[in-house]
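This report refers to the structure that appears directly beneath it.
The values are calculated or read from the model by the stated rules, or taken from the named source; none is laboratory data. Note that the structure is predicted; figures quoted are calculated from it, not measured. Cβ: placed from backbone, ideal geometry, glycine included. Neighbour counts: every protein chain shown. Areas reflect the complete protein model, heavy atoms only, side chains present, ligands, DNA and RNA absent. Shrake-Rupley method; radii C 1.70, N 1.55, O 1.52, S 1.80 Å.
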Amino acid sequence: MKQSRGQWASSLGFILAASGSAVGLGNIWKFPGKVAAYGGGAFILCYVLIVALVGFPVMLAEISIGRNTQKNVVGAFRRLNRRWTFLGGIGVITLFVILSYYCVVGGWVLKYIQVYLTGADFGTGATPYQDYFVNFISKPVEPLLWGAVFLALCVYVVVRGVSKGIEKVSKFLMPCLFLILLAIVVRSITLPGAGEGLRYLFTVRPGTVNGNTLVGALGQAFFSLSVGMGIMVTYGSYVSKTENLAKSAAFICGIDTMVAILAGIAIVPVVFVTLGADGLGQGGGFAFMALPEVFAQMPGGIVFGCLFFMLLFLAALTSAISVLESCVAFLTEEFHLGRLKAIVLLVIPMAFLSAGYSLSQSAERNLNLPWFDFASGVQMLPMNAVLEKFTDNLMIPLGALGFCLFVGWVWGTKNALSEIEADGSRFRFKRSWSFLIRFLAPAVIVLILYFTLGKGQG
Ligand code: PHE
């Protein structure tokens with residue numbers, strides 16, 4: 001018996017929805033900071049190579065599993081080889097964790113849109129922007145409320161289903177995202193002194209390509225492309241048999257990489273001009289602390305600040321939607337629940353995890369939240385760092401490795417290739433793809449996992 005499943009109404013719809021998943025906080029929030037931290041051009045070069053040689057093959061593998069089985073990630077593995085069902089389970093757990101912190105950061109973004117819409121008053125003091133941000137995320141209740149609004153927006157879209165909800169929204173939001181990004185890029189590169197920032201961004205300095213650059217680039221690539229946890233299996237399962245999978249995967253990887261590099265161009269030079277190279281090193285809070293300072297010093301800065309956080313919001317929303325949809329597909333198909341019921345079942349436990357994440361921002365800063373400080377005298381682990389490292393450095397690479405091994409050695413590249421060519425097209429890079437998915441990609445992932453875990457670094 002066939003369940004009635006959603007399907008994308010057009011190829012453009014699929015490409016935009018999948019790019020919407022890929023283009024997210026990773027591109028706009030993390031990528032520019034990483035480029036700056038890992039020495040500019042060398043990182044971009046490694047990143048592009050890794051996307052082409054590791055990211056693209058894994059994405060194509062995932063999409064082909066999805067279209068072949070027409071199932072959620074757990075169902076897909078169960079159908080192809082029961083013993084590998086656990087890999088789908090790992091994917092769902094990773095997704096659940098990612099969604100819980102994605103919503104919190106999405107909430108911060110919404111808050112900043114509100115701040116800019118109401119005049120961008122960050123107060124005064126020696127370091128007003130830092131203080132404002134730290135103060136805000138350390139509050140116990142307000143960030144949770146903004147996170148809840150963000151999650152509610154995702155739910156609103158996902159309840160409506162694949163083509164009427166996700167596809168429709170992506171077709172509208174993704175072009176908006178491109179336009180806003182372009183406007184900011186133009187502003188950034190026309191600032192006096194931007195040339196130096198651009199040079200910093202694109203110069204490959206000898207000596208900056210090393211193990212660290214590669215580890216950084218690989219972790220970033222998987223996260224940014226949304227591969228390794230079954231989102232592309234889920235989205236691929238809604239693709240029709242007439243679609244050219246290799247072309248779609250290439251487009252998605254291309255769009256994602258282009259947006260990341262454009263975000264680098266939009267952000268690195270302005271920060272460079274305003275704050276100097278030091279301004280680039282503020283890690284996760286970079287977008288919320290360094291950029292408001294930059295916008296404050298720029299003519300028309302309030303408008304660009306507002307546009308920037310809207311950009312971040314659009315990017316985050318379409319990504320969070322894909323994570324929620326992948327979890328919902330799992331629950332509706334494996335447990336025969338309605339979409340709304342599945343969403344409710346997901347959101348309740350997730351709210352606790354998100355709350356923990358949000359509240360641990362305060363614990364991390366040693367603000368005393370008596371009800372959250374389990375062992376008195378011992379500082380609580382900063383849950384944000386723990387969760388992010390757990391997903392980015394461990395679960396996602398492990399998931400991606402699983403996909404390579406499964407497609408390369410268990411299901412077989414022959415089966416995958418016949419799915420990839422099911423629309424009657426000829427995939428020109430069959431042999432290279434088989435080689436990459438069977439040998440190169442797994443080897444690179446193992447090496448990097450070894451390197452990351454061995455050094456215990458992030
Ligand atoms: N790819 C998204 C980004 O770049 C993040 C993401 C990761 C989305 C994992 C879904 C799953 O931000």
In the stretch 415-458, the residues that are charged (D, E, K, R), out of contact with any helix residue (DSSP H, G or I) (no Cβ under 6 Å at 6 or more places or on another chain) and open to solvent by less than 50 Å² (accessible area, probe 1.4 Å): Glu421, Asp423
Evaluation of Val58 against (1) in contact with a Cys (Cβ under 9 Å, 6 or more places away or on another chain); (2) away from the ligand (no atom under 16 Å from the Cβ) (one fails), failing number: (2)
Among residues of the stretch 1-52, those that are aromatic (Phe, Trp, Tyr) and outside any helix (DSSP H, G or I), counted: 2
Among (1) surrounded by fewer than 21 Cβ atoms within 10 Å (Cβ to Cβ); (2) in contact with an Asp or Glu (Cβ under 7 Å, 6 or more places away or on another chain), the one test that Arg160 misses: (2)
Identity of the residue in the stretch 239-295, among the polar types (S, T, N, Q) and at pLDDT 95 or above, that ends up surrounded by the fewest Cβ atoms within 10 Å (Cβ to Cβ): Thr242
Identity of the residue in the stretch 296-320, away from the ligand (no atom under 16 Å from the Cβ) and open to solvent by less than 10 Å² (accessible area, probe 1.4 Å), that ends up farthest from Leu179 (Cα to Cα): Gly301
Conditions (1) in a helix (DSSP H, G or I); (2) surrounded by 16 or more Cβ atoms within 10 Å (Cβ to Cβ): number failed by Glu196: (2)
Residue selected from the stretch 321-342 under the condition open to solvent by less than 10 Å² (accessible area, probe 1.4 Å) and more than 12 Å from the ligand (Cβ to nearest atom), by the criterion nearest to Thr234 (Cα to Cα): Ala329
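Against the definition (out of contact with any Cys (no Cβ under 6 Å at 6 or more places or on another chain), of a type in the set (Phe, Trp, Tyr) and at pLDDT 95 or above), how does Phe43 come out, yes or no?
Details: out of contact with any Cys (no Cβ under 6 Å at 6 or more places or on another chain): yes; of a type in the set (Phe, Trp, Tyr): yes; at pLDDT 95 or above: no.
When the stated conditions are applied, Phe43 does not pass them.
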Hey, Gly211 farther than 26 Å from Leu182 by Cα and crowded, with 24+ Cβ neighbours inside 10 Å or not: no
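Report the residue count in the stretch 399-458 for those that are outside any helix (DSSP H, G or I) and on the phi > 0 side of the Ramachandran plot. Explain how you work it out, then say what you get.
Taking the stretch 399-458 first, the residues outside any helix (DSSP H, G or I) are 421-429, 456-458.
Filter once more, keeping what is on the phi > 0 side of the Ramachandran plot: 424, 456.
Counting residues in the stretch 399-458 that are outside any helix (DSSP H, G or I) and on the phi > 0 side of the Ramachandran plot gives 2.
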Among residues of the stretch 9-18, those that are closer than 13 Å to Val169 by Cβ and either hydroxyl-bearing (Ser, Thr, Tyr) or touching a Cys at 6+ places or on another chain (Cβ under 9 Å) (or both), counted: 0
First in the stretch 25-42 and near the ligand (Cβ under 8 Å from one of its atoms), second anywhere and part of a helix (DSSP H, G or I) and of a type in the set (Phe, Trp, Tyr), Cβ under 6 Å, 6 or more apart: Gly26/Phe223
The stretch 409-458: number of residues that are touching a Pro at 6+ places or on another chain (Cβ under 7 Å), modelled with pLDDT of 95 or more and under 19 Å from Pro397 (Cβ atoms): 3
Inter-residue pairs, beta-carbon under 8 Å, first of a type in the set (Ser, Thr, Tyr) and in the stretch 407-424, second surrounded by 15 or more Cβ atoms within 10 Å (Cβ to Cβ), 6+ apart: Thr413/Val407; Thr413/Trp433; Thr413/Ser434; Thr413/Ile437; Thr413/Arg438
